[in-house]
Each structure stands twice: as C-alpha cells, then as structure tokens.
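See below for the structure under consideration.
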Amino acid sequence: MKNLWENQTEEARKKIFSFCEDYKNFISENKTERECLAQSVKMAKEKGYVDLNELIVNKRTVKQGDKIFALNRGKMGVFIKIGKKSIEEGFNIIGAHVDSPRLDLKASPVYENSELALLDTHYYGGIKKYQWLANPLALHGVVCKKDGKIIKINIGEDQNDPVFTISDLLPHLSKDVKVDNINGEMLNVLVGGIPAKQEKNKFKHNVYDILKSMDILEQDLISAEIEVVPAGRARDLGLDRSMILGYGQDDRVCAYTSLKALLDDEEIPERTSVCLLVDKEEIGSYGATGMSSKFFENVLAEINFLLGNPEISLRRALSNSYMLSSDVTAGFDPNYPSPFNKDSEAYLAKGIAFNKYTGRGGKSGSNDANPEFIAKLRRLMDDANITYQFTEMGKVDAGGGGTIAYIMAKYGMDVIDAGVPLLNMHAPWEVSSKADVYEAYKAYKAFYKLK
Ligand code: MN
Ligand code: MN
C-alpha cells in the first residue's frame, strides 16, 4: 500500500494543506448537528441549491441539473443534484453523520455542592469517561422558550469566553479511584463559585441569575438541547503538520468531504447525486432525525412527484442505487497494537478506507457489501487514480461497531462503508491525516460519476 506523502509533488501537497485549512475551520466552528447543518445549508445555497419546501409551495417542476436540499428539524439534511438519466436508474448516494460523542445537559442540570455550582450531564454515544475530565469544555446548543423563541448558546469558544471543566482527582489521593471507576453520574461540569443573595441554594441561584440575564429561566432548560463539547479549535498536529487534532472528526470529516464533493461538481451528473447528513448515528440512528426515520424516503418521494414520475419510479430508483456510507474507521495505532491485525487494518496516510462489513463477532449487524459492487468500485477508484485501502476494524473478536450502511441496504441498494481512518476515535480530540481527508474528498467526487 502506497503512503500518500511519498514521492508527492509540491503542488499536490499544497492542495491537501489548503483543503484542510477549510476543513479545520468547518469542524472548529461547527460542533453540533445543528451548527453543521446550518453551515452546510449556507454552503449549498451559495452553490445554487434551493429548499425543497419552496418548490413544493410554488408547485414547481423539477428537471435535470436542478439542485435541491431538504432540512429535517435543523439536524438532518438531504442535498440532491438531479442527473441526466431517469431516476429509475438509481441514485449515487453518499451518507455521513454529523452527531458526535459528547455530554448533554440534563433537563434540570444546575445544582450546588460544597459551595460550588455544577451542571448534571448525560453522555451521548460511546465515550471513555475519564477522557472528559480536566479538559476545557464549551457549551453549545439551543434553549426553546414557551413563546416559540429560540436562544442559541455558544460559550467557551471565543478567547474571551469562560470555559467549563469536569474536575479530576489529584494523583496523591487516587489510590482507590481508578479510571474504570469514573461513571456517568460523575461527569458533572463546574459552572460557578460566587453566591447570590438568597438564603438557600445561593450558588445555584447565582447561575440562574446569570441565565436570566440571557433571557433563560430555570424551567426553560427543560426544553433545551445543550451539548458539552471540548473547547477550542482543531489544530495542525506534528512538526510536519501532516495531521489534524480536532473534535468531532467522527464523522464530520466524512460529512464535510462528502458535501464538498457534491457542491464542487460543476457538471450535471449521469445519475442523480445525493449527499445525506444525518443525526443520531452515535446512539443507534433512531429518532426523527436519524437514518432510521422515513425523512429521506419522504424527501425522495416529493422529488419524484415534482419530476412527474409515478410512485413505482422511486421504488426502482432506490433498489438501483449505489451508496457509500461515509464514516470513519480505526487507523492502526502503534501505541496499542494488540487489538489490531497488522495485515488488514487501515493506516493513516494510505487513503480512503473501505470496510466490506462492520458489525461485531460473526459480522453481526453489518450489511456485508456485495463483491460485484466492490469490483465496480475498485475499477472506478483505479481509473480516477484514488489511493484506497480495503480494511477491517480490529481483530475478529476484538469488539466492533456499526454505521448507517445496513439501514440503507434495506432498500435493496448496494452499500459499502468508506471513510477516513482516525486515531483516538471518540476521544475529545481525534487524529486524522490530512492526506486521507483530501483523498476521501477525491474518492467521493469520483463516486458521484459512477455509472
Ligand atoms: Mn461514525
Ligand atoms: Mn462513532
């Protein structure tokens, strides 16, 4: 397998580094599903994409070359470019998720203990709890008031903002408190230390007073969605700046590159191109904004109707579709070789990683892609001069995971996982290679041309 940095031209390297500057900005400025989708819609509109709802309301018809987006509750998005062929021949779909592991505030989060104010959290997705201690944290989200007003929260990113943290115990007294003892109820965020004038619960009340100055009442936190995430921007990693250290690269690295691949394509594709950005992947893809919801199918039904096609056209389109489930995979970690199989792992800087199957144990829960489809992709990637690796995630019985691939496979379409390998996956700060980020973008661009 070729290392992308080897024998690379100066020009190729420049392209990678410049692409990754924009990528770093995207993940630094968008740390929630809502923020990612708002920015994605902005980028799409700049390229001429139109809201599906406008087309429906104005009873517009749809034709080849049309660029459309649909947004579900601000947390899931479908971006479509109508191709030259009838949609019955199938879509080329790339789907990524924009939710990442984090801590969510509970509905009544503020409490006080020993003259300190804290926020109670419930973690979201698979985390190693100890990694969230003693780090600068930021609060991102929305507070929805009874009168319909929505207050956006973003505290901890600006240099002048305060940050938050979850305290860890000093090593001197940690004989009986080990990493494995850190449980979900211990992830309490330090939020204040000045008392209000009240008789009782003055430390908690001081937090409420500050919230009140932001037009947020205690009860309003019941209808809020506030996410605790690592504070600070993504950074270049290494003396050679070959890597990126950033929060939420699972799976915003694939979300950003997939969307960019669609938006940067200036031509009308043969087959209709679709980019899917979904929520809730990290908790099983359930919920109205997750891949299991019917939103995606409903959007395509609307478009099929606006194209003037009978309903059966959509069924045919779905089963004739190709899909890349663009999600990250584990990169081989020289610090922890034991759960990996050296010969079948993804390596950093060796290109986009395809996983025929994910799942655990005997491939349980995976879609296990068809070899006919894989052969087609090999030819496509070779013809487009893309560097890629076919990999597995760890030793057979070492553990496992899943993506949205199996949900899309339910339509009878061909699906395979293809994404960027990471180190530190699901940690507050994850590592990617810039070469892989750019190679994924190139691979997704090529995929939209698959006939
Ligand atoms: Mn993922
Ligand atoms: Mn994940």
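Okay, here's what the table says:
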{"quantity": "The range 351-375 residues that are closer than 17 Å to residue 394 by Cα and assigned by TED's automatic domain parsing to the domain that holds residue 405, paired with ones that are assigned to a helix (DSSP H, G or I) and of a type in the set (Ser, Thr, Tyr) (beta carbon under 7 Å, 6 or more apart)", "calculated": "365/406; 366/406"}
{"quantity": "Residues satisfying the stated conditions in the range 290-336, i.e. open to solvent by less than 60 Å² (accessible area, probe 1.4 Å), more than 16 Å from ligand 1 (Cβ to nearest atom) and within 27 Å of residue 253 (Cα to Cα)", "calculated": "293, 295, 296, 297, 299, 300, 318, 321, 322, 332, 333"}
{"quantity": "Those residues of the range 264-284 which are in contact (Cβ under 8 Å) with a residue 12 or more places away in the chain and of a type in the set (D, E, K, R), in sequence order", "calculated": "264, 265, 270, 271, 279, 280, 281, 282"}
{"quantity": "Helices (runs of 4 or more DSSP H) within the range 363-451 that include 2 or more residues open to solvent by 30 Å² or more (accessible area, probe 1.4 Å), away from ligand 1 (no atom under 16 Å from the Cβ) and not hydrophobic (A, V, I, L, M, F, W, C)", "calculated": "371-383, 434-447"}
{"quantity": "Residue 260 touching a residue at least 40 places away in the same chain (Cβ under 8 Å), farther than 30 Å from residue 84 by Cβ and crowded, with 19+ Cβ neighbours inside 10 Å", "calculated": "no"}
{"quantity": "Residue check for residue 32: within 16 Å of ligand 1 (Cβ to nearest atom) and in contact (Cβ under 8 Å) with a residue 40 or more places away in the chain", "calculated": "yes"}
{"quantity": "Qualifying position, being open to solvent by less than 20 Å² (accessible area, probe 1.4 Å) and among the acidic types (Asp, Glu), among 6, 33", "calculated": "33"}
{"quantity": "Test: residue in the range 185-202 that is assigned to a helix (DSSP H, G or I) and over 24 Å from residue 280 (Cβ atoms)", "calculated": "yes"}
{"quantity": "Subset of the range 153-192 [open to solvent by less than 60 Å² (accessible area, probe 1.4 Å) and either farther than 27 Å from residue 124 by Cβ or of a type in the set (Ser, Thr, Tyr) (or both)]", "calculated": "165, 174"}
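The values are calculated or read from the model by the stated rules, or taken from the named source; none is laboratory data. As the structure is a prediction and not an experimental result, all values here were calculated from the model. Every residue, glycine among them, receives a Cβ derived from its backbone with ideal geometry; neighbour counts consider all protein chains shown. For the accessible areas, the whole protein counts, side chains as well, though only heavy atoms, and no ligand, DNA or RNA atoms are used. Shrake-Rupley method; radii C 1.70, N 1.55, O 1.52, S 1.80 Å.
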